[in-house]
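Working notes, beginning with the structure itself.
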Amino acid sequence: MRLKLITNGGHYYNPILKQMKPYSKKYIILFSHFLLAIFFISCEKGLKIGSKKFNKILSVDRTSEIKLSNDIHYKSWQIHVKEIANTTIIQRKNYFTNSIIEYNLDTEKIHNTYTFKSEGPNRVSKFDAAAFIEIRDSLFLIAQGNSTIYLVQNDSVIFKQYFDDTGQGFGNIMQGFNKRLPIKFNDNIYISRTPSVARVDNFFYNENLLVKFNLKNKSLVECTVKYPKKYIKGKCWTWQYLRPSFTFNNLNQIIFVFPIDPNIYVYDTEKDKFVQSIKFSSIYPSKRYPMPCQNISQKEYEYNARRSSRYEAITYDKYRDLYYIFALHPPKELRKANAKKTSMRISIMTLDSNFKLISEDLLPDNIYDYEDFFITKEGLWLSRNNPLDIDFDENLSRFDLLTLKEKK
């Protein structure tokens, strides 16, 4: 973590970078040591909030900072991780351009860049909203929101097909986010699917939420994954409460969490159905309120988007056989007038291989981005690029490494 200590004249001493500006050296060093002690104590306490009933806590081990050029967005909605010769490489989709950028997490430098054409016969359109996954070295599958599947080798499209019976591009709206990354298992790629009808439609909750693309026969089929019974016809929610999250575990199961449902669902890829549901719950009070289905103002919409608790994301740590669930809680003193300017509070639930809650840690406000995270052999990495943070810098990609430790 970076720490900048300001004096009354605007000069500072940075103990991480060891830079010294003019002023009384003895005074500044003593002052900085005092603030450093407070800083490290507050860091420890910041992630312990809400963990009194557990023997384990998440704590910050270190921070990774990657410098970004002006044509690279600070945020990535999709991050894949791969290991090359004991080196950790992360693949980030760049929102500004049709490109995937690989970074060496150890050196914090660019490892490789794949740029896809936006014009001509090898054009890959609307890449910013598409799901992607690397099939093998430099061969990517890209699944779009307009029902199109691409296979792209370097910058050449070697396969393209439009999968939509409606002809409108709404038959298979495929997307990729960190909370539901595309999954490769055997010859199949599992991809998130968004319902193709309006939320007020009676058929909305009957829509399938997962598709499977077979790499051998190049077919795309819908899997029988639907909203659970907690989602009742006639009750509407803002889109944040309609996006399920899933992850893939070491048992080759796809594990689902839905924002308003305190159940974990285990999907069997061979049987094509949920085979188990496991109850779980945050230690924080949870209330959920559907919103009016029609004739809602922007203020009311923003208010409804924040007034209910939700389970935002689940991700699996294959190195430690653990699950992390991001739970979001309403802001304090939430009102319709201030709703748009407030942020949800974030807690991270850690579950063991049997889905038993072993820790839940409430994060400091306005520091982290719950949409931007990934897992490596070192632990859980969570983005510090929150625009509400006073230390926010859009020219840096910053992630804290969070590891589970025994409480002292």
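Residues in segment 193-209 carry Karplus couplings, in order, of 10, 9, x, 9, 10, 5, 4, 7, 6, 5, 8, 3, 6, 9, 6, 7, 10 Hz; the curve used is 6.51 cos²θ - 1.76 cosθ + 1.60 with θ = phi - 60°, and Gly or Pro positions show x.
With both labels modelled 7 Å from their Cα along Cα-to-Cβ, the residue 299 to residue 208 distance reads 4.4 nm.
Couplings 3J(HN,Hα) for segment 217-225, derived from phi with the Karplus relation 6.51 cos²θ - 1.76 cosθ + 1.60 (θ = phi - 60°), are 9, 6, 9, 10, 10, 7, 8, 7, 10 Hz, where x marks Gly and Pro. What do you get for chymotrypsin sites (Phe, Trp or Tyr not before Pro) in segment 110-214 restricted to DSSP loop and a cutoff of at most 13 other Cβ within 10 Å of the site's Cβ? Taking segment 110-214 and a limit of 13 other Cβ atoms within 10 Å, the loop chymotrypsin sites (Phe, Trp or Tyr not before Pro) found are 203. In this structure the amide hydrogen of residue 159, modeled in the peptide plane, comes within under 5 Å of the amide hydrogens of 151, none closer than 5 places in sequence on its chain.
Residues whose amide H lies under 5 Å from that of residue 171, counting only those 5 or more places away or on a different chain, are 166; hydrogens are built 1.01 Å from N in the peptide plane. Using a cut-off of 18 Å between Cα atoms, the listed pairs 212/233; 184/218; 279/377 include 212/233; 279/377 as exceeding that distance.
When you filter the GluC sites (Glu not before Pro) in segment 317-408 for DSSP loop state and at most 12 other Cβ atoms inside 10 Å of their Cβ, you are left with 333.
Computed extension length for residue 286-residue 62: 77.5 nm, one decimal, from 0.36 nm per residue of separation with the Cα-Cα distance subtracted. Full extension of the chain between residue 71 and residue 104 yields a length gain of 10.0 nm, computed as 0.36 nm times the residue separation minus the alpha carbon distance. Using R₀ = 25 Å, calculate the FRET efficiency as 1/(1 + (r/R₀)^6) where r is the Cβ-Cβ separation of residue 155 and residue 395; round to 0.05. Taking R0 as 25 Å, the efficiency between residue 155 and residue 395 is 0.40. Can you give the FRET efficiency to the nearest 0.05 for residue 405 and residue 321, using r as the Cβ-Cβ distance and R₀ = 22 Å? Efficiency computed from Cβ-Cβ geometry: 0.85. Distances between placed amide hydrogens fall under 5 Å for residue 254 paired with 267, 269, all partners being 5 or more residues away or on another chain.
Ranked for footprinting exposure by Cβ neighbours inside 10 Å, fewest first, 80, 73 give 73, 80.
Converting phi to 3J(HN,Hα) with the Karplus coefficients 6.51, -1.76 and 1.60 and the offset θ = phi - 60°, segment 392-408 yields 5, 9, 6, 9, 10, 9, 10, 10, 8, 8, 9, 10, 8, 9, 5, 6, 7 Hz in sequence order, with x at every glycine or proline.
Taking 0.36 nm per residue of sequence separation and removing the Cα-Cα distance, the residue 268/residue 84 pair yields an extension gain of 63.2 nm.
Rounded, prolate or oblate: pick one for segment 192-279, where a ≥ b ≥ c are the square roots of the eigenvalues of its C-alpha gyration tensor, a/c under 1.5 means rounded, and failing that, prolate if a/b is larger than b/c, else oblate.
On the way: a/c = 2.24, a/b = 1.30, b/c = 1.72.
Verdict is oblate for segment 192-279.
Using only the Cα atoms of segment 216-348, build the gyration tensor, take square roots of its eigenvalues as a ≥ b ≥ c, and label the shape rounded, prolate or oblate: rounded if a/c is under 1.5, else prolate if a/b is larger than b/c, else oblate. Because a/c hits 1.5 or more and a/b exceeds b/c, segment 216-348 counts as prolate. Look at the Cα gyration tensor of segment 47-406: its axes a ≥ b ≥ c give a/c under 1.5, and that counts as rounded.
When each of the peptides 97-109, 218-230 is scored by how many other beta carbons lie within 10 Å of its residues on average, the order from highest to lowest is 97-109, 218-230.
Throughout, read-outs are computed from the coordinates displayed, never taken from laboratory work. Computed from a predicted structure; not experimentally measured. Here Cβ is always computed from backbone atoms with ideal geometry, including for glycine, and neighbour counts include all displayed protein chains.
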